[in-house]
Amino acid sequence: MRSTFYYLIKPKGERYNNTKKVGDKELILNTEIFNHQYISRQAIVVGLPTEFDTPIKEGDEIIVHHNLFRRWHNARGKEKNSTGYIDEDLYKANDDQVYAYKRDGVWKSLPGYTFVRPVGDLIGEVVHSDIYNEGDIVGYRPVGEYEFTIDEEKLYRLKTEFITIKYEYQGEEKQHNRSWV
């Protein structure tokens, strides 16, 4: 299956990640369809665009924009699917809605995106990037970071152009805990 300009994808698991296993019980964390924090951002590629080259292959796991699987209510209160919706297990994604892919157990950022582990205010340790090395400490502009969970770790996705400085590693940096925010 192929598309001219879109990746054809299906959610990895469900559209929403709003449950958590606690012992042998399942806890529902959220029942609102509009809360972006509980929308799945992981997908499996089932079809590739024909009009541009991409390092992504069919079957790769990818990290996508949260609005792809989202449902919402229109002005009349009617529940609607996102514009990427084709069928319950098939969606289309623009190339600017795909940020990273995983092949052979290794995540790789697409050009223009960097994922960092926060270590301070507007400072992060590079985890995945197309330009920076893993472990580099970088500073970035405010309001440019978006939270993602990749392999059960909270990371920030940045546009690489929002990185303003690369710090020299001192060896004493500590992971920043933003749970109080």
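The values are calculated or read from the model by the stated rules, or taken from the named source; none is laboratory data. Everything quoted here is computed from the prediction, not taken from an experiment. So basically every Cβ, Gly included, is an ideal-geometry build from the backbone, and we count neighbours across all protein chains shown. When the accessible area is computed, the model is the full protein with side chains, heavy atoms only, and any ligands, DNA or RNA have been set aside. Shrake-Rupley method; radii C 1.70, N 1.55, O 1.52, S 1.80 Å.
General observations
Residue-wise test of (1) buried (at least 16 other Cβ atoms within 10 Å of the Cβ); (2) at pLDDT 90 or above; (3) closer than 27 Å to THR4 by Cα.
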position	(1), (2), (3)
ASP87	no, no, yes
ALA100	yes, yes, yes
LEU110	yes, yes, yes
ILE123	yes, yes, no
GLY135	no, yes, no
LYS166	no, yes, no
GLN175	no, no, no
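- Evaluation of GLY139 against the conditions (1) assigned to a strand (DSSP E or B); (2) in contact with a Ser or Thr (Cβ under 6 Å, 6 or more places away or on another chain); (3) open to solvent by 30 Å² or more (accessible area, probe 1.4 Å) shows that the sole unmet condition is (3).
- Residues located in the stretch 106-126, provided they are within 16 Å of the chain's Cα centre (by Cα) and either part of a loop (DSSP other than H, G, I, E, B) or not aliphatic (A, V, I, L, M) (or both): TRP107, LYS108, SER109, LEU110, PRO111, GLY112, TYR113, THR114, PHE115, ARG117, PRO118
- Tally, over the stretch 78-96, of residues that are charged (D, E, K, R), outside any loop (DSSP other than H, G, I, E, B) and farther than 29 Å from LEU158 by Cβ: 3
- For the stretch 142-159, a residue qualifies if it is within 12 Å of GLY124 (Cβ to Cβ) and either in contact with a Leu (Cβ under 6 Å, 6 or more places away or on another chain) or not in a strand (DSSP E or B) (or both), and the qualifying residues are GLY144, GLU145.
- Strands (runs of 3 or more DSSP E) lying entirely in the stretch 1-77 (those with 2 or more residues that are surrounded by 16 or more Cβ atoms within 10 Å (Cβ to Cβ) and at pLDDT 90 or above): 7-11, 42-49, 61-64
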